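The numbers here are math on the coordinates, done by the rules we state, and not lab data. On a predicted model such as this, the values are computed, not experimentally measured, just so you know. Cβ placement follows ideal geometry from the backbone for every residue including glycine, while neighbour counts extend to all protein chains displayed.
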Ligand code: SF4
Ligand code: SF4
């Protein structure tokens, strides 16, 4: 008798859709996937309703790839539903893993975001100051919208997560590896592991030339210098998140002559990417006078947004508590 097919689900919370596209990128491997699994839920591709998932027996889904952060009450509800219905729940991609780009909203409050989006933006005309309401009565009945939370959260800040597959988006080849390991019943890593990535840093795998004790007098945006294509970005004064970032992507940005932005999250020894980058940069500044040091650091554009670009909600910092008013 044929082995029963696995049941596979894909869901997106606060996400851009790139993770779902990376799942589609399996190309010819799709034949292996559909031979081994049935997709039972995937809002971007299949018309299966939330109620259908809620009606499934607990543990009915073998593997759920949850991409996106938890930003509103709908994301939170589906995180709880899919946790209950899934044997293995994977935080898929940077947003589910560490908060990702949507997590940068934790530098602002909900009120600041709504004010900017609905009142102050250059393209907004809203003299009656209308904002989205979570409940609205119309003659046909009641309309509802999800509640927008003040904080963006990672998936594991809401429910128990079995594995993390990092990246913005994760490399499709790594997803296929993980999927085939589950299909073939290979021994899975311990619960809580980061899969499809390695424990070293990007710098450990980067082929750019590094010198001992290179010091920096000025930092630059990537477009402000002519990259020689072979020297470490940091040594050229361009911020590269390599020292703080987990390897496993194949140093794909650096191979494309762009500095790493940290989408694989912090390496196991870095823990907090901002703290690790501040320490790495602190050892490279060519000055002893405090005023000169501040002047050099001032050339780093948006340090918080750069160091925590993919990881603010999952970092030690988690959010900004400073009101901008
Ligand atoms: S800082 Fe960036 S460019 Fe330099 S060695 Fe590390 S990964 Fe490579
Ligand atoms: S080089 Fe850095 S930013 Fe680029 S894919 Fe790899 S981890 Fe992500």
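Have a look at the DSSP beta bridges in the chain and tell me what percent are antiparallel, nearest 5. Walk me through the numbers before you get to the answer.
Working: 9 of 31 bridges.
Here the antiparallel bridges make up roughly 30 percent for the chain.
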Take the Cα coordinates of the chain, assign each an equal point scatterer, and use the Debye formula without solvent to give log10 I(q)/I(0) at q = 0.10, 0.12 Å⁻¹.
-0.67, -0.91
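Taking neighbour counts of Cβ atoms within 10 Å as a proxy for exposure, in what order, fewest first, do 284, 78, 277 appear?
Values: 284 15, 78 23, 277 26.
Neighbour counts put them in this order, fewest first: 284, 78, 277.
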Let's test the formula: R0 of 56 Å, r as the Cβ-Cβ distance of residue 143 and residue 288. What FRET efficiency results, to the nearest 0.05?
0.35
Could you list the residues of the stretch 288-325 with an amide nitrogen less than 13 Å from a label point located 7 Å from the Cα of residue 275 in the Cα-to-C-beta direction?
315-318
Using a simple spin-label model with points 7 Å from Cα along the Cα→Cβ vector, what separation in nm is obtained for residue 118 and residue 25?
3.6
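From the P(r) of the stretch 73-140, can you give the percent of Cα pairs sitting at distances over 13 Å? Mind showing how you got there, number by number?
On the way: 1769 of 2278 pairs.
Across the stretch 73-140, Cα pairs with separations above 13 Å total 78 percent.
Report the calculated FRET efficiency for residue 125 and residue 257 (r = Cβ-Cβ distance, R0 = 51 Å), to the nearest 0.05. Each step should come with its number before you reach the end.
Values: r = 42 Å, r/R0 = 0.83.
The value I calculate is 0.75.
Return the tail of the calculated pair distribution for the stretch 221-325, meaning the percent of Cα-Cα pairs more than 16 Å apart. Write out the running numbers ahead of the final one.
Values: 3331 of 5460 pairs.
Of all Cα-Cα pairs in the stretch 221-325, 61 percent lie more than 16 Å apart.
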Once both labels are modelled 7 Å past Cα along the beta-carbon direction, what's the residue 321-residue 225 spacing in nm?
3.7
Estimated FRET transfer efficiency when R0 is 22 angstrom, pair residue 46-residue 157 (beta carbons, to 0.05):
0.20
Which angle from 0 to 90°, rounded to the nearest 10, does the C-alpha axis of helix 273-282 make with the longest principal axis of the chain?
10
Testing the spin-label approximation: label points 7 Å from Cα along Cα→Cβ at residue 3 and residue 217. State their distance in nm.
6.3
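What percentage of all Cα-Cα pairs in the stretch 124-182 are separated by more than 16 Å?
Details: 1224 of 1711 pairs.
More than 16 Å apart: 72 percent of the Cα pairs in the stretch 124-182.
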